[in-house]
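Down below is the structure, laid out as structure tokens.
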Amino acid sequence: MSEKENQRKPGMSRRKFLTYTIASTGGFLASGVLFPMIRFAVDPLLQKGADTKFVDVGPVEEFGKEPKSVEFRIKRKDGWYKPEEGEKATAWVQREGNEILALSPICKHLGCTVKWEGGGHQEQFYCPCHGGLYTKDGINVPGTPPNAPLDMYDYKVENGRLLLGAIKQRGGA
Ligand code: FES
């Protein structure tokens, strides 16, 4: 070891000092650019209007044990997308007393539309795309392509009217 090296004082070397300075300056500048970008990207998700409102689909007594298809429009802000006239939606609604089940018609296999007793399948929802079957309460029939039950709409009854809200997933098996 040379005499000059032996004379170095302990502590931070000039090289380390420069490395830390450049890294911290770079990090500071990057955060100044990245933070607004991230904020811009997630902002619509943080807005209160991102949720789905309940929609009146008719008098509750219009629905009975037999699943009935209803069409309605959901005014929902989904990210930046907010259609003026609302998004078209459909539900298969059935009622037994106070128990209401409003099923999404979207097949859990690849997203085709299921039909009650379609294709001659009695007491089942049928998906014509690949022969998917669901029971009356929307449970996927084993041995057919869908691997999860049909999604359900949230609902409430107000002044004798049925209101449908957000779609809830029921998981799969
Ligand atoms: S999309 Fe429904 S069975 Fe394939």
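Observations on the structure shown:
- Cα-based Lys pair tally, segment 50-168, threshold under 12 Å, eight or more apart or on separate chains: 8
- In this simple spin-label approximation, residue 53 and residue 75 carry label points 7 Å from Cα along the Cα→Cβ vector, and these lie 0.3 nm apart.
- Extension reserve of the residue 123-residue 20 stretch, reckoned as 0.36 nm per residue once the Cα distance is removed: 30.0 nm
- The calculated FRET efficiency for the pair residue 130 and residue 65, based on their C-beta separation and a Förster distance of 25 Å, comes to about 0.35.
- Highest average packing first - 120-129, 15-24, Cβ atoms within 10 Å: 120-129, 15-24
- Sequence ranges 101-113, 148-160, ranked by mean other-Cβ count within 10 angstrom, highest first: 101-113, 148-160
Each value in this text was obtained by applying a stated rule to the coordinates, not by laboratory testing. No experiment lies behind these values; they were computed from the predicted model shown. Using ideal geometry, Cβ is built from the backbone for each residue, glycine included, and neighbour counts are taken over all protein chains shown.
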